[in-house]
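Working notes for the structure below.
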Amino acid sequence: MVAELFGEQVRARADRGEVARLREAFPSGYLAVQFSADFGDDETLTRPAAQLDRACESTGLGVALFRAGAAPWHDELDALQRVAARMRSGTAKVFASLDLWEICALVAAARGYCGSSLHGRIVAMAFALPRVNLRHPSARARTGKQAAFASAWDLAQMPAVVDIDDAAAAIGQALAADPARLAPAQLAARFREEFAAMRDRLA
């Protein structure tokens, strides 16, 4: 429902400020990329940098590294800057804003989303974008909320949660999805129907 309720406000933010400058910097488009602070050790950061370089080379897209939030242990600006420094020059830019609407606009204006945040996936899904979630190396044996959400709501051919070293391939798979199937209209309609039924039972 994000696009249906707030789409006009979000899209207006994409035409000015930091989001507009990113769009100018990457005229062929960009991937919105985010990951939480637990990815921040040097060994781990080298791996997404390499995967994102591969994705940029194969797609011609840039990378906009952003924070989905800045609460303790959520996302860290320093980690994004260190990933950008490990990537080929000119392929990545760090998006510094923590304004909610600017973050949503950054995702909505992207060609796809890749990150550890469930909310990043939800916003990407609302705006009919390819999406894939990243799993921290220490979490391979766990099924987290990102995987549970994707299993319940997302398309079968859309990558759910992948290990860091599979990110480039998963991004390619997500971008190859049929754009006509990415539109969330059916999900929004299903939500309205089921929420109405729940409301009627509680009345």
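For a quick check: sort ASP178, ASP38 by the number of other beta carbons within 10 angstrom, fewest at the front. The partial results should precede the final answer.
Working: ASP178 8, ASP38 17.
Least to most surrounded, the residues fall as ASP178, ASP38.
Across 5 Å bins from the origin, how do the percents of Cα pairs in region 2-202 run, short distances first?
All Cα pairs, binned at 5 Å, distribute as 1, 8, 16, 21, 21, 16, 9, 4, 2, 1, 0, 0 percent.
Within region 74-112, find all residues whose amide N lies under 20 Å from a label point positioned 7 Å from the Cα of GLN157 along Cα-to-beta-carbon.
Under cut-off, by backbone N: 111-112.
Would you kindly derive the ³J(HN,Hα) couplings of region 188-195 from the backbone phi angles with the Karplus curve 6.51 cos²θ - 1.76 cosθ + 1.60 (θ = phi - 60°), listing them in order in whole Hz, with x for Gly and Pro?
3J(HN,Hα) across region 188-195, in whole Hz: 4, 5, 5, 4, 4, 5, 6, 5.
Determine, for ILE122, ILE103, the number of other Cβ atoms within 10 Å of each Cβ, and report the residues in order from fewest to most.
ILE122, ILE103
Reported to two decimal places, what Rg/Rh ratio describes region 1-72 when computed on Cα atoms with Rh from the Kirkwood expression?
Dividing the radius of gyration by the Kirkwood radius yields 1.03.
Take HIS119 and SER97, extend 7 Å from each Cα along the Cα→Cβ direction, and tell me the distance between the two endpoints in nm.
Spacing of the two 7 Å Cα→Cβ label points: 1.6 nm.
Could you list GLU43, GLU18 so that the one with the fewest beta carbons within 10 Å of its beta carbon is first and the one with the most is last? Spell out each step's value before the answer.
Numbers: GLU43 7, GLU18 18.
By the 10 Å Cβ count, ascending, the order reads GLU43, GLU18.
Running a GNM on the chain with Cα contacts under 10 Å, which residue among GLN186, GLN81, GLN173 ends up with the highest mean-square fluctuation?
GLN186
Indicate, rounded to the nearest 5 percent, the antiparallel portion of the DSSP beta bridges found entirely in region 1-112.
0
Any read-out appearing in this document is the output of simple, stated calculations on the displayed coordinates, not a laboratory observation. Because the structure is predicted, anything quoted here is derived from the model rather than measured. Methodologically, a virtual Cβ is constructed for each residue, glycine included, from the backbone with ideal geometry; neighbour enumeration extends over all protein chains shown.
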